[in-house]
Each structure stands twice: as C-alpha cells, then as structure tokens.
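Okay, structure first, notes after.
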Amino acid sequence: MRNGIIAKQMLPTFAVCFLFSLPAFADLYEIETRTCDREDAGTDSDVLIDIVGDRGRVQGFRPASPERNDFRRNQVDTYQVSASNIGVLRWLRINLSGTDGWCMESIRLRNLDTGRSWLWRYGSWIDTDSAYPATVMCRVGQRYCR
C-alpha cells in the first residue's frame with residue numbers, strides 16, 4: 001500500500017518534468033540567395049537577414065561563413081536557420097552592413113518542415129554609400145523585393 005502511494009505521488013512529478021523538458025516549437029528554414037551576373041556584383045560586406053512572422057522573428061541572421069566565399073558574382077548560396085514560434089511568415093528584410101555593395105538577383109525562403117516556399121526577385125543593388133537602398137523588404141504575397 002505504501003509503495004502504491006509513493007508511485008502515485010511520483011507520477012505527477014515525472015509528468016511535469018517531462019512536459020517542461022519538451023523543446024519549443026521551431027521550424028527549419030532554408031535561405032537561398034542568388035547574386036546578379038554583373039561586374040562587381042559580389043560583396044565582402046555583412047549581409048543580415050530578418051525573418052518576420054505574426055508572432056515573432058529571427059533578427060540579424062548572418063548567413064555568411066568564414067569557410068566559404070559567399071555572395072560572389074552569379075553565385076547561389078544556401079543556408080539553414082531555425083526559427084522558433086514566428087507564426088505565419090510576413091516578410092524578409094535584407095540589410096547590408098559595410099560599404100561594399102551587393103547586387104542581389106533573388107532570394108528564396110523554404111520552410112523545410114512544411115515544404116512551403118517563397119521566391120522574391122530583386123535584380124538590383126543593395127548598398128550603404130550610394131543612391132541604392134541599404135535595406136530591402138520582401139513581403140509575402142509580392143513577387144519582388146522593394
């Protein structure tokens with residue numbers, strides 16, 4: 001009888017520990033950037049990407065890797081990022097940090113968990129020290145970044 005009471009008392013404690021140890025809901029995204037096929041289209045500046053949903057965001061994702069030669073002329077670069085609880089995707093924001101402009105042809109975001117995919121075209125420069133914008137917005141429901 002005493003063992004039965006101990007087991008009943010331990011069960012709720014175990015259940016609570018198990019529930020609190022579950023990982024938060026997160027989706028895995030793939031980001032694919034395509035650099036324009038133009039002279040000097042590549043960049044050595046930092047490219048920062050924000051993924052924004054109706055419940056949260058991934059802010060300042062820096063896809064470049066020191067081991068790779070990212071964002072070169074006519075090159076496609078692919079990265080993965082985990083985003084917890086962002087809800088329904090609303091937009092991407094691409095920021096350039098540095099003085100070396102980048103000509104972004106397009107950007108694609110894929111939710112690897114749901115299979116959903118969004119493609120935006122841009123075909124122009126992102127630059128901090130010229131007449132071109134240093135920040136570009138890509139909104140869900142539109143085909144082009146602005």
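The values are calculated or read from the model by the stated rules, or taken from the named source; none is laboratory data. These numbers come from a predicted model, not from an experiment. Note: ideal-geometry Cβ built from the backbone for every residue, glycine included; neighbour counts use all protein chains shown.
A compact table of results
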{"item": "Meets criteria (modelled with pLDDT of 90 or more and either farther than 15 Å from Asn95 by Cβ or hydrophobic (A, V, I, L, M, F, W, C) (or both)) for Leu28", "result": "yes"}
{"item": "Long-range neighbours under 7 Å by Cβ, at least six apart or interchain, first residue touching a residue at least 60 places away in the same chain (Cβ under 8 Å) and farther than 13 Å from Pro63 by Cβ within segment 94-120, second charged (D, E, K, R) and surrounded by fewer than 17 Cβ atoms within 10 Å (Cβ to Cβ)", "result": "Cys103/Arg38; Ser106/Arg121; Arg110/Glu30; Leu112/Glu30"}
{"item": "Flag for Ser84 being in contact (Cβ under 8 Å) with a residue 60 or more places away in the chain and either in contact with a helix residue (DSSP H, G or I) (Cβ under 6 Å, 6 or more places away or on another chain) or crowded, with 18+ Cβ neighbours inside 10 Å (or both)", "result": "no"}
{"item": "First in segment 48-70 and of a type in the set (S, T, N, Q), second anywhere and modelled with pLDDT of 90 or more and in a strand (DSSP E or B), Cβ under 6 Å, 6 or more apart", "result": "Gln59/Asp50"}
{"item": "Options Val136, Val88: the member that is under 16 Å from Gly53 (Cβ atoms) and of a type in the set (Val, Ile, Thr)", "result": "Val88"}
{"item": "When residues of segment 34-76 are limited to those that are acidic (Asp, Glu) and more than 15 Å from the chain's Cα centre (by Cα), the one surrounded by the most Cβ atoms within 10 Å (Cβ to Cβ)", "result": "Asp70"}
